[in-house]
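Notes for the one structure printed next.
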Amino acid sequence: MKKVVLLLISIITLASCSEYQKVLKSEDASVKYTMAEKLYKEEKYKKALRLFEQVVPQYRGKPQAERVMYYYADTYYQLEDFYLSGYQFERFVKSYPKSDKNEEAAYKAAKSYYFLSPRYTLDQSDTDKAIEKLQGYINGFPEGAYLEEANTMVSELRVKKEKKAFEIAKKYHHREDYKVAIASFDNFLVDYPGSPFRESVLYYKLESQYLLAVGSYQSLVEERLKEAEGYYLTYKKYYKAGEFNQQAEDIAQDITSRLEEFK
């Protein structure tokens, strides 16, 4: 019985493949589109795509073009080819601004760019583009169905950019290039005032200035220690019970002790 079932499945599969190949070679665009949509709904996206690629040019300018173009873009999206899905969804939005699929297409176009954003250690050009596209959706659809998800993604992408900037500044600190580290931390605070890395930046800025001071020529030590003391006060102002509170207190005590020697 089992062999019979397997044989029937094989026959049906072969017949299906044969039909697909026949349609693929057909000159009838409507037949190709009908099968493409059927395969799309069955989540057989690779096969559907081959047919959509053939029929899209033939439907351009026709009443069915809107439906064809949406399926075409979404097939790329379902296949996780996000470069092409982003491009095709953007084309759809521009071509059919009054479509009832317009908002969904705009969202999926933006989300395609979100998926293209690399890990924080790499170049963040695609992250910038993703933020821009998502913000475009948010501005274009202020009461949109996907607003919450879009805002969440924007926040996530911004944190990724902040993490990269923070890690670059911290790398200068670890390399003992303290002047560059301090300048980088200052730039970070200007560029990302509400960042979740703000406390860490203020602490590492303090530590960089302190280490710069104690390693300086004697004539520069007092002035630089006083500047470090100011950074300590800034850190304590905002983070009285912060993550780096004990380390900051230890530095502050040593600064006070060293400054006593100049009196």
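The values are calculated or read from the model by the stated rules, or taken from the named source; none is laboratory data. Computed from a predicted model, the values in this text were never measured in an experiment. Counting neighbours? That spans all protein chains shown, and the Cβs are built from the backbone with ideal geometry, glycine included. Just so you know, the surface numbers come from the protein's heavy atoms only, side chains and all, with ligands and any DNA or RNA stripped out. Shrake-Rupley method; radii C 1.70, N 1.55, O 1.52, S 1.80 Å.
Can you tell which of Ile255, Ile251 is within 20 Å of Arg175 (Cβ to Cβ), modelled with pLDDT of 95 or more and in contact with an Asp or Glu (Cβ under 7 Å, 6 or more places away or on another chain)?
Ile251
Spot the failing condition for Gln58; the list is (1) open to solvent by 20 Å² or more (accessible area, probe 1.4 Å); (2) modelled with pLDDT of 95 or more; (3) touching a helix residue (DSSP H, G or I) at 6+ places or on another chain (Cβ under 6 Å), and only one is missed.
Gln58 satisfies all of (1) open to solvent by 20 Å² or more (accessible area, probe 1.4 Å); (2) modelled with pLDDT of 95 or more; (3) touching a helix residue (DSSP H, G or I) at 6+ places or on another chain (Cβ under 6 Å) except (2).
Yes or no: Glu37 within 28 Å of Glu162 (Cα to Cα), among the acidic types (Asp, Glu) and either surrounded by fewer than 21 Cβ atoms within 10 Å (Cβ to Cβ) or under 18 Å from the mean Cα position of the chain (by Cα) (or both)?
When the stated conditions are applied, Glu37 does not pass them.
Being of a type in the set (A, V, I, L, M, F, W, C) and outside any loop (DSSP other than H, G, I, E, B) is the filter; apply it to region 74-97 and report the residue that is surrounded by the most Cβ atoms within 10 Å (Cβ to Cβ).
Among those residues, the one meeting the criterion is Phe89.
Has region 157-169 got at least one residue that is open to solvent by 30 Å² or more (accessible area, probe 1.4 Å) and not in a helix (DSSP H, G or I)?
no
Please state which one of Tyr96, Tyr72, Tyr107, Tyr77 is within 21 Å of Lys160 (Cβ to Cβ) and in contact with a helix residue (DSSP H, G or I) (Cβ under 6 Å, 6 or more places away or on another chain).
Tyr107
Quick test of your reading of the structure: Thr152 fulfils all but one of (1) surrounded by 14 or more Cβ atoms within 10 Å (Cβ to Cβ); (2) under 30 Å from Arg91 (Cβ atoms); (3) not aromatic (Phe, Trp, Tyr). Name the failing condition by number.
(1)
Of the residues in region 68-94, how many are of a type in the set (D, E, K, R) and without any contact (Cβ under 8 Å) to a residue 12 or more places away in the chain?
2
For region 179-197, which positions are surrounded by fewer than 22 Cβ atoms within 10 Å (Cβ to Cβ) and of a type outside the set (A, V, I, L, M)?
Those that are surrounded by fewer than 22 Cβ atoms within 10 Å (Cβ to Cβ) and of a type outside the set (A, V, I, L, M): Lys179, Asp186, Asn187, Asp191, Tyr192, Pro193, Gly194, Ser195, Pro196, Phe197.
Being of a type in the set (Lys, Arg), assigned to a helix (DSSP H, G or I), within 18 Å of the chain's Cα centre (by Cα) and within 25 Å of Val154 (Cβ to Cβ): is that true of Lys108 here?
yes
Residues Ser219, Ser200: which one is open to solvent by 50 Å² or more (accessible area, probe 1.4 Å) and out of contact with any helix residue (DSSP H, G or I) (no Cβ under 6 Å at 6 or more places or on another chain)?
When all the criteria are applied, what remains is Ser219.
Within region 238-263, how many residues are under 17 Å from Glu207 (Cβ atoms) and open to solvent by 100 Å² or more (accessible area, probe 1.4 Å)?
4
Go through region 113-144 and report how many residues are among the hydroxyl-bearing types (Ser, Thr, Tyr) and exposed (fewer than 14 other Cβ atoms within 10 Å of the Cβ).
2
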